[in-house]
1. Are there any pairs with C-beta distances below 9 angstrom linking a residue in the stretch 140-160 that is more than 10 Å from residue 125 (Cα to Cα) to a residue that is charged (D, E, K, R) and exposed (fewer than 14 other Cβ atoms within 10 Å of the Cβ), with the two at least 6 apart or on different chains, and if so which?
2. Could you check, for the stretch 34-47, whether at least one of its residues is farther than 19 Å from residue 183 by Cα, more than 14 Å from the chain's Cα centre (by Cα) and of a type outside the set (Asp, Glu)?
3. Do you know which of the residues in the stretch 73-98 that are surrounded by 19 or more Cβ atoms within 10 Å (Cβ to Cβ) and among the β-branched types (Val, Ile, Thr) is nearest to residue 52 (Cα to Cα)?
4. Taking the condition of being surrounded by 11 or more Cβ atoms within 10 Å (Cβ to Cβ) and not in a helix (DSSP H, G or I), how many residues in the stretch 198-220 meet it?
Amino acid sequence: MKTEIRQIIQKEKIIAIMRGVETKNCVETARALYQGGIVLLEIPFSQGSGALEQTKESLKAVSRELGGKVILGAGTVTTAEQLEIAWSEGAKYFISPVFDRNLIALANKMDMVSIPGAMTPTEALAASRAGADFVKIFPAEVMGIHYFKSILAPLGNISLLAVGGVDENNMLEYLRNGAVGVGIGKNLVNPQWIQEERYARIRERASELVNKRKLWEGDGIRE
C-alpha cells in the first residue's frame with residue numbers, strides 16, 4: 001500500500017489542504033476538489049475543545065463518500081492518538097509540521113506514508129533516516145523557492161514537499177527547483193468560497209492548478 005501511495009503523491013504532486021473546513025462542508029469541498037482533478041486531500045487536525053472528534057468526523061465523512069476516488073490524508077498530526085484516529089478513518093498518509101521519529105515508526109507499522117515537517121538540512125536528513133517517505137519543508141514561504149535547489153544539492157536523495165505560501169503563481173517554481181510536490185491551503189480551499197458555498201470556484205482553481213502541472217510536465221520544462 002505504501003509504495004502505491006508514494007507513487008500517487010509523486011505523480012499527482014498537488015495536495016489540497018482542507019484546513020478550517022467544518023465537517024458539514026467537508027464532503028462538498030472534497031467533491032469540488034476531486035471534480036477539478038485533485039485526488040490528494042489533507043484534512044488537518046484542528047485545535048481546541050472537541051477538535052479530535054471534529055476531525056475524526058470530517059475524515060469519516062469524506063472517506064465514506066469519496067473514499068474510492070480520493071486519497072485521504074491527515075494533517076497537523078503531532079500525537080500517536082491523532083495518528084491512530086486518522087488511520088482508523090481511512091487516511092493513507094499523515095503530514096506533520098514537525099519531525100517526530102516515534103510517529104514515523106508508528107506510521108510504518110500501520111503501512112501509512114509519513115510526511116514530517118522540517119526546515120533545515122539537519123532536520124530533513126534526520127527525518128529521512130528515521131524512515132520518512134517524504135519531508136515537508138515548512139513554512140516554505142519563509143525559506144524561499146531557491147532554498148529547494150540549494151538544499152537538494154547535498155540531499156538530492158530526499159523527496160521534499162513545499163508547504164506554506166504555495167499558490168497558483170509560484171507552484172511551478174517550487175517544482176522546477178526540486179520539490180516533488182506541494183501542499184496548497186487557502187489559495188485553493190478558500191474559506192470565503194466555502195462560507196458562500198461557491199464550490200464551483202474551488203473546482204475551477206483546482207482545475208487551473210492541475211492543468212498547469214500537466215502542461216509543465218507535457219512540455220518537459222525541467223530546470
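Values in this text are rule-based calculations from the coordinates and carry no lab data. As the structure is a prediction and not an experimental result, all values here were calculated from the model. Positions of Cβ are backbone-derived with ideal geometry, glycine not excepted, and every protein chain shown enters the neighbour counts.
1. Listed by first residue and then by second, the contacts come to 149/223.
2. Yes - at least one qualifying residue is present in the stretch 34-47.
3. Per the criteria, the residue is 85.
4. Counting residues in the stretch 198-220 that are surrounded by 11 or more Cβ atoms within 10 Å (Cβ to Cβ) and not in a helix (DSSP H, G or I) gives 1.
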